[in-house]
Amino acid sequence: MIAQAIVAAPCLALISIIVTRLLFHGVSELFVKRAVITSQVISIICAAITALQVFWKGETIPVLHYRLLSLSTQDLTFSLRIDSTSALFVLISCILGGIVGIFASRYLHRDPGYLRFFVLYHVFLLGVHAIFQGAGLPTIYIGWELIGLTSALLISFFAYRRQTVSNSLRAFWAYRVTDSGILIATLLAMHEHIDQFGSAIPHAPLLIPFACLLSAVGKSAQFPFGYWLPRAMEGPTPSSAIFYGGLSVHAGMYLMIRVSEVYGLPLPVQIAMAAIGLVSVWYGTAIGRIQSDAKSLLAYASMAQLGLMFIEIACGFNNLAIFHFVSHAMLRTYQLLNASSLLHDRYAFEHVLGREQVVFHPINTDREHAQYAYAFWESAGGFLGRFSLLNLVETIAYAVRGFEEYLSVTLLRFSRVLNFYFNHPTKSIPRHRQEIL
């Protein structure tokens, strides 16, 4: 019952919000806020108790088993369970869901789409629990589609802007193309009667890991389907934090961990997965260096970190990938939630200095005037990124960038001196001009 309360709490909160809206033709923000806080506190407490029981006793806890459809050869079931692999994912999803829910209840105060946001927010949480607690590919596929639908709808949350709708369609079509992989894997697993997770299956079809890899690449925004992730930042900041920093983008790596444990990863799949992760790391790091806004920078940083997780899973280091997930999800959620406030402080700081244009560079000759941007840049790379294979490349990139900044400033000052002498050839330089130069 404690494990069932993890899913039942957000489900009841969603039902209470919808029923209240239908009966009273309106829902107050206070009611929605109390429903969100109550449901998330219950989920966090129950998830912590369940995780302790799973890790202490090493057992698998069945949560729910419901028959959706009865076929001639087998039944299509919706099954949830929590084991040693999924317990930590469930706990982190409840913690991050509660933090973002409380933050959004204040962040979206008096917004016209307040109710719409929290309806989609609870649907997303149900999809996350279906993925992380799914006892088989059919259950994971249902949660996969719920996450994709809510993601596209929240990207276009501010629908009065044409760009948000366009970016939502880009993400939606990327999901449509890549989600065909998990659909094929689910149908093939049901045909082979291996759709439920259990002990390792030595003779699983090779197409199942390849199909799941296709869906994981799309959901985790890996190359070449990662173009939608920076555009998805058009949505509200809370949805960007929980979707593209905390939970949604990590669904792909969780699926590959499950596939590697049950169906195994053949050598061609491992090579393809490692290659995709390596290219994504390089692509996210390189493109992220030239971004001019904080949320796009964090999007490419997430892409690079997820590429490292794909490499770790391909090499068989699943526990390291899970630890990487926990640290990255916590860090990226905090950064995305704090991005708006940090940028507001940065603009205020520049306004006090009398600057009209904000220069968002990681390296600046005047570090006192660039302290906010530099601190943000240092934190965006993440802790584990410092120990990646790109450490040498990153050091070289910083050195080259510093030389470019120094050279550009030197040339700018030299051109100002030449311009002054050519425009005023007969005049001597005043003392205050000499001090400025």
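Every number here is computed from the coordinates shown, using simple stated rules; none is lab data. If you're wondering where the values come from, they're calculated on a predicted model, not measured in any experiment. Here the Cβ is made from the backbone with ideal geometry for all residues, glycine too, and neighbour counts use every protein chain on show.
Legend: ranking of residues His109, His129, His122, His324 from fewest to most surrounding C-beta atoms inside 10 Å; resulting order His109, His324, His122, His129.
Could you please rank Lys295, Lys33, placing first whichever residue has the fewest other Cβ atoms within 10 Å of its Cβ?
Values: Lys295 22, Lys33 18.
Result, fewest neighbours first: Lys33, Lys295.
Please report the equivalent ellipsoid semi-axes of the range 179-279, computed as sqrt(5 x eigenvalue) of the Cα gyration tensor, largest first, in whole Å.
27, 15, 11
Between the listed residues Ala241, Met309, Phe197, the Cα displaced farthest toward the positive end of the dipole of the range 168-354, a dipole computed from Cβ unit charges relative to the Cα centre, is found at Ala241.
Got a sec to turn the phi values of the range 324-332 into Karplus ³J(HN,Hα) couplings, 6.51 cos²θ - 1.76 cosθ + 1.60 with θ = phi - 60°, whole Hz, x for Gly and Pro? My calculation for the range 324-332 gives 4, 4, 4, 5, 5, 4, 5, 5, 6 Hz in order.
Once the chain from Arg170 to Ile102 is taken as fully extended at 0.36 nm per residue, the excess over their C-alpha distance is 21.6 nm. In the range 118-222, the inverse of the mean reciprocal separation of distinct Cα atoms equals 14.6 Å; this is its Kirkwood hydrodynamic radius.
For the modelled label position 7 Å from the Cα of Ile201 along Cα-to-Cβ, which residues of the range 44-76 have backbone nitrogen atoms closer than 20 Å? From the range 44-76, the list is 65-76. Hey, how many Å between the Cα centroid of the range 45-106 and the Cα centroid of the range 175-190? Taking the Cα centre of each part, the range 45-106 and the range 175-190 sit 22 Å apart.
Protection proxy ranking, highest mean first, for peptides 37-47, 213-223, 258-268, 16-26: 213-223, 37-47, 258-268, 16-26, where packing is the per-residue count of other beta-carbon atoms within 10 Å, averaged.
Length gained on full extension, Leu69 to Leu52: 2.7 nm, using 0.36 nm per residue less the C-alpha separation. A cut-off of 5 Å between modelled amide H atoms, ignoring neighbours fewer than 5 places along the same chain, links Phe197 with Gly136, Leu137. The calculated FRET efficiency for Val19 paired with Val279, based on their beta-carbon distance and R0 = 35 Å, is about 0.15.
Set Lys and Arg Cβ to +1 and Asp and Glu Cβ to -1, take the dipole of the range 1-135 about its Cα centre, and tell me which of Ser28, Val90, Thr77 lies farthest positive. In the range 1-135, that residue is Ser28.
What number comes out for the charge environment of Gln163, summing +1 per Lys or Arg and -1 per Asp or Glu over other residues with Cβ under 12 Å away?
Values: positive: Arg161, Arg162, Arg170, Arg231; negative: Glu234.
For residues surrounding Gln163, the net value is +3.
Given their separation in residues at 0.36 nm each and the Cα-Cα distance between them, Arg110 and Tyr334 gain 78.3 nm when the chain is fully extended. When you work out D = kT/(6 pi eta Rh) for the range 17-134 at 37 °C and 0.692 mPa s, using the Kirkwood radius from C-alpha pairs as Rh and the Stokes-Einstein form, the result is 205 µm²/s.
Using the Karplus relation 6.51 cos²θ - 1.76 cosθ + 1.60 with θ = phi - 60°, the per-residue 3J(HN,Hα) values for the range 3-10 come to 5, 5, 5, 4, 8, 5, 5, x Hz, with x marking Gly and Pro. Using only side-chain charges placed at the Cβ, +1 for Lys and Arg and -1 for Asp and Glu, the dipole size of the range 1-135 relative to its Cα centre rounds to 340 debye. Spread over its residues, the convex hull of the C-alpha atoms of the range 242-327 is 74 Å³ per residue. Distance from the Cα centroid of the range 263-302 to that of the range 218-251 is 13 Å (rounded to whole angstrom). Between Phe78 and Tyr66, Arg67, Leu68, the built amide H atoms are under 5 Å apart, and every one of these is 5 or more places off in sequence or on another chain.
Treating each Cα of the range 207-253 as an identical point scatterer and summing with the Debye formula, the log10 of I(q)/I(0) at q = 0.13, 0.24, 0.33 Å⁻¹ comes to -0.30, -0.82, -1.16. In sequence order, the range 335-340 has phi-based couplings of 5, 5, 5, 8, 4, 5 Hz under the Karplus curve 6.51 cos²θ - 1.76 cosθ + 1.60, θ = phi - 60°, and Gly or Pro positions carry x.
For the range 168-354, the Kirkwood hydrodynamic radius from C-alpha pairs, put into Stokes-Einstein at 10 °C and a viscosity of 1.306 mPa s, yields a diffusion coefficient of 92 µm² per second.
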